[in-house]
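*Asks:* Before I ask anything, here is the structure I am working with.
The values are calculated or read from the model by the stated rules, or taken from the named source; none is laboratory data. None of these values were measured; they are calculated from a predicted model. Positions of Cβ are backbone-derived with ideal geometry, glycine not excepted, and every protein chain shown enters the neighbour counts.
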Amino acid sequence: MQPDLLILRLKEGDEKAFQRIYELYGNSLLGIIFSITQDEVVSQELLQDVFIKVWDKSNSYDPKKGRFFTWLLNIARNTAIDQLRSAERKNKNKQVSLDEVHNIFDKTSHIQSDSIGLQKYIDILGPLCQQIIELLFFKGLTQRESAKKLKMPLGTLKTKNRNCINEIRTQING
């Protein structure tokens with residue numbers, strides 16, 4: 001089934017289309033979720049949550065705003081980050097700071113962005129763009145947190161982030 005038809009059928013509530021989307025994208029989304037949570041069981045649970053959101057919000061996907069996979073990726077990433085931040089809040093009594101959680105990511109293997117084909121584009125970027133993309137999109141830091149970590153003004157980070165994203169778009173679109 002063609003991707004556009006698959007998406008259309010999903011929006012119409014077709015369970016077979018939903019199942020096929022799960023088959024096509026489930027492993028990639030699981031990789032992204034795991035790269036954020038670093039917990040296999042939690043990642044599996046969050047993947048289910050992601051697909052419930054995909055089913056419930058399928059009509060909100062607009063192909064004019066971006067690719068379907070990007071839409072799925074954002075749902076997965078945001079779900080994982082929300083869970084991580086929620087868990088961080090719940091564990092405040094254990095005195096685990098958000099910086100310590102992020103340091104765990106620094107000690108683990110490189111983000112599994114290659115599972116979705118992004119690594120080749122990120123590798124072409126300069127070191128600052130690579131840092132910004134990693135902090136904002138793969139580690140889930142806010143722009144303010146990223147600016148502080150990179151010791152730059154918030155406005156500068158926002159501009160550089162926009163430029164980095166545009167550079168990736170240019171690479172992808174040829």
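*Asks:* Here is a list: Leu5, Leu29. Which entry is in a helix (DSSP H, G or I), among the aliphatic types (A, V, I, L, M) and under 23 Å from Ile81 (Cα atoms)?
*Replies:* Step by step, each of Leu5, Leu29 is checked, and only Leu29 is in a helix (DSSP H, G or I), among the aliphatic types (A, V, I, L, M) and under 23 Å from Ile81 (Cα atoms).
*Asks:* So which pairs qualify, if the first residue must be in the range 148-166 and over 20 Å from Tyr121 (Cα atoms), the second must be surrounded by fewer than 13 Cβ atoms within 10 Å (Cβ to Cβ), the Cβ gap must be under 7 Å, and the two must be at least 6 apart or on different chains?
*Replies:* Between residues of the range 148-166 that are over 20 Å from Tyr121 (Cα atoms) and residues that are surrounded by fewer than 13 Cβ atoms within 10 Å (Cβ to Cβ), the close pairs are Leu154/Arg144.
*Asks:* Taking the condition touching a Ser or Thr at 6+ places or on another chain (Cβ under 7 Å) and either under 19 Å from Gln83 (Cβ atoms) or crowded, with 17+ Cβ neighbours inside 10 Å (or both), does Ser35 pass?
*Replies:* When the stated conditions are applied, Ser35 does not pass them.
*Asks:* Continuing with this model, one more query. When the range 54-64 is examined, which residues are found to be touching a helix residue (DSSP H, G or I) at 6+ places or on another chain (Cβ under 8 Å) and either at pLDDT below 90 or surrounded by fewer than 16 Cβ atoms within 10 Å (Cβ to Cβ) (or both)?
*Replies:* Answer for the range 54-64, where residues must be touching a helix residue (DSSP H, G or I) at 6+ places or on another chain (Cβ under 8 Å) and either at pLDDT below 90 or surrounded by fewer than 16 Cβ atoms within 10 Å (Cβ to Cβ) (or both): Trp55, Lys57, Asn59, Pro63.
*Asks:* Here's another thing I want to ask about it. Just checking, how many residues over the range 117-174 are in a loop (DSSP other than H, G, I, E, B) and more than 16 Å from Thr70 (Cβ to Cβ)?
*Replies:* 10
*Asks:* Right, another one. Applying the selection to the range 32-43, what residues are over 15 Å from the mean Cα position of the chain (by Cα) and either modelled with pLDDT of 95 or more or not in a helix (DSSP H, G or I) (or both)?
*Replies:* Asp39
*Asks:* Can I ask one more? Failed condition for Glu15, given (1) under 16 Å from Thr79 (Cα atoms); (2) more than 13 Å from the chain's Cα centre (by Cα), with all others met?
*Replies:* (1)
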